[in-house]
Amino acid sequence: MKTSRRDFLIGTSTVAGSTLVVPFSALAAQKTPRKAAKKKAEGEEDVSTNEDLMREHGVLNRVLLIYDEAMRRIQANEKFDPAVLTKAAGIIKSFIEDYHEKLEEDHIFPRFEQSGSKLTELTVNLRAQHAVGRKLTEKIAATAKSGDTKALNSALAAFNRMYRPHEAREDTVLFPALHSVVSKHEYDAMGEEFERIERKTFGGDGFDMAVDQVTELEKQFDIYDISKFTPDAV
Ligand SMILES: [Fe+2]
Ligand SMILES: [Fe+2]
């Protein structure tokens, strides 16, 4: 473990560093075998650009499951601790909106937009959905606090309905196509740069911290045991 994990993301409004497209070709050229050896010696994982983005979607998906459970409880008139939702919305804000989506907006989407790719139409829609998602997260946090369960349910439903196709399209269409708009060197350098931004933003491995936090919330909502999702009979 590189730094304290607890309560790192929740309730903070960390902002990822750069707002510009980093010249990855220049970074790739600077990458030396010595640096790679040092990295291995420090025990850091080598996570590729797409693996990095896709596993962040895994965290997003686990929050969607928490939102699903909240909607189920609202509709069944079952009690739940609204603080779980406030914290889940906090993970979305700090880890997904202010970090993951910022990486996409600053480093991934411009690669397609600047190369005149036919996927630009998709990135325009994805950007618009990020903006709507931020408003929905504010609404989820506010209604969880105020206890307006009808408005909360409607914001949760809108969020989940939008983000499932959003991340599925990124995983299956946009991210795989990244290889066609950047060179292998640039792709590798992007992975390095993402790692640097992650450490700068969270003071350590932000992904591990987010997984720990979402795990804790799943336990509080009694949905952590994965066997609960297996149907009784098939
Ligand atoms: Fe996105
Ligand atoms: Fe994404």
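What follows is calculated from the coordinates using simple rules that are stated; it is not laboratory data. Since this is a predicted model, take the numbers as computed values, not measurements. Cβ: placed from backbone, ideal geometry, glycine included. Neighbour counts: every protein chain shown.
If you scale each eigenvalue of the Cα gyration tensor by 5 and take the root, what three semi-axes come out for segment 67-148, rounded to whole angstrom and sorted largest first?
With the √(5λ) rule applied to segment 67-148, the semi-axes are 33, 13, 9 Å.
Going by the alpha-carbon gyration tensor, a ≥ b ≥ c the square roots of its eigenvalues, is segment 85-234 rounded (a/c under 1.5) or, if a/c is not under 1.5, prolate (a/b greater than b/c) versus oblate?
On the way: a/c = 1.72, a/b = 1.57, b/c = 1.10.
It comes out prolate by the Cα gyration axes.
How about segment 134-234: which chymotrypsin sites (Phe, Trp or Tyr not before Pro) there lie in a loop by DSSP and see at most 15 other Cβ atoms within 10 Å?
Numbers: sites: 159, 163, 187, 194, 202, 207, 221, 224, 229; in loops: 221, 224.
Answer by residue number: 224.
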